[in-house]
Amino acid sequence: MQEVFNKYINYLEAERNASHYTVRNYTHDLLDFFSFIKSKKISSLNEVDRHMIRDYLSHLMKQGIVKASIARKLSAIRSFYRYLLREEMVSTSPVALTSSPKLDKRLPSFLTPEETIKLLEAPDLSTPQGQRDRAIIELLYASGLRVSELVSLDLGQVNLDTDEIRVWGKGAKERMVLMGKPAAMALSAYLSQGRPKLLGEKKTSALFVSRYGKRLVERRVQRILEKYTRVAGISKRVHPHTLRHTFATHLLDGGADLRVVQELLGHANLSSTQIYTHVTKSRARKVYLSAHPLAQEKDSTCPTTQEKNNKQ
């Protein structure tokens with residue numbers, strides 16, 4: 001079983017060009033699944049049937065695993081068995097007819113423009129770490145990058161002349177992302193002042209580095225945001241994806257076309273982008289109230305029902 005698993009992971013990396021994030025999650029999820037079937041005295045993947053899959057899903061629910069995580073684990077198992085079928089290692093897939101749990105629809109969390117400004121202004125620009133952190137926050141908000149895309153950036157992917165960044169996203173898909181002048185200025189200041197001080201005598205192509213001169217990791221970026229969320233006095237829990245949500249929401253609030261936002265976010269399907277339309281209702285309400293002739297709440301030319309009654 002271990003040998004088959006290793007071949008599958010190599011397949012994900014070499015043939016599917018799966019991201020490091022995807023490989024990491026699939027590895028964790030499949031190892032958890034293998035541990036479960038071994039506890040049931042199953043030694044061959046051919047012995048796994050749909051009843052065993054149902055037992056596994058029930059086991060996850062009893063552990064209190066959220067529906068989204070269960071769906072992801074099931075997706076990893078489904079992909080694994082597709083590979084086994086292709087390689088003719090099994091004759092049937094026990095997950096072929098197993099449906100994923102219906103997920104609760106949750107609107108993405110995002111920052112208001114005022115909260116965003118407070119977060120951007122929180123780093124101390126007199127220190128190299130502060131210059132780096134300001135550039136990170138500016139870039140996440142200005143471009144909508146995933147944190148995995150941010151930490152994997154190299155110097156050669158950034159073009160400050162055109163304010164563009166070449167990014168390889170999910171599935172090794174390449175796209176160009178844009179950044180505004182504030183982000184470009186913060187990044188330029190970091191590259192000319194903060195980064196050389198953090199790097200010292202070390203050499204690396206990584207865009208964002210730690211105080212030890214090594215490439216920043218995703219967990220460190222999360223801690224950076226947690227720190228400045230406290231400094232800025234923001235009560236919400238802010239993580240890198242919050243800034244990605246904020247980027248998309250503010251663009252749509254500003255009137256951006258949904259398909260343009262889809263392209264900038266690197267979403268393969270428009271349905272992934274459409275969730276942000278649910279959090280832009282405030283803009284729709286403002287447009288309605290300003291455009292509809294009888295929608296103004298305090299229009300002196302349109303008497304209220306109470307005024308009409310008083311006149312009678």
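With all distinct Cα pairs included, what does the Kirkwood hydrodynamic radius of segment 184-227 come out to in Å, to one decimal, could you say? Across segment 184-227, the inverse of the average 1/r is 11.0 Å. Taking the convex hull of the alpha carbon positions in segment 55-151 and averaging its projected area over all directions gives 10.4 nm².
Give the separation of the Cα centroids, segment 87-147 to segment 4-82, in Å. Each part reduced to its Cα centre gives a spacing of 24 Å.
If the viscosity is 1.567 mPa s and the temperature 4 °C, what translational diffusion coefficient in µm²/s does Stokes-Einstein give for the chain when Rh comes from Kirkwood over Cα pairs? Here the translational diffusion coefficient equals 56 µm²/s. Panel note: the C-alpha atoms of segment 2-86, placed on their principal axes, show extents of 35, 28, 17 Å (largest first).
For the chain, the residue among THR98, LEU120, GLY200 whose Cα projects farthest onto the positive side of the dipole built from Cβ charges is THR98. Relative to the longest principal axis of the Cα atoms of the chain, the long axis of helix 20-39 lies at roughly 50 degrees. Amide H to amide H distances under 5 Å link VAL209 with LEU216, where only residues 5 or more positions off or on other chains count and H is placed in the peptide plane. With Cα atoms as the point set, segment 113-285 shows a radius of gyration and Dmax of 15.9, 56 Å.
Rounded to 0.05, the FRET efficiency of the SER188 and VAL66 pair, given R0 = 51 Å and the Cβ-Cβ distance, is 0.80. Maximal additional length on extending the LYS197-ARG220 stretch stands at 6.4 nm, based on 0.36 nm per residue less the C-alpha distance.
Taking label positions 7 Å along the Cα-Cβ direction at both ILE9 and ASP154, the computed distance is 2.4 nm, reported to one decimal.
If neighbour count is taken as other Cβ atoms inside 10 Å, put GLU218, GLU174 in order from fewest to most. Walk me through the intermediate numbers first.
Values: GLU218 15, GLU174 10.
Placing the least packed residue first, the sequence is GLU174, GLU218.
FYI, it's all coordinate maths here, none of it is from the lab. All values derive from a computational prediction rather than experimental measurement. Methodologically, a virtual Cβ is constructed for each residue, glycine included, from the backbone with ideal geometry; neighbour enumeration extends over all protein chains shown.
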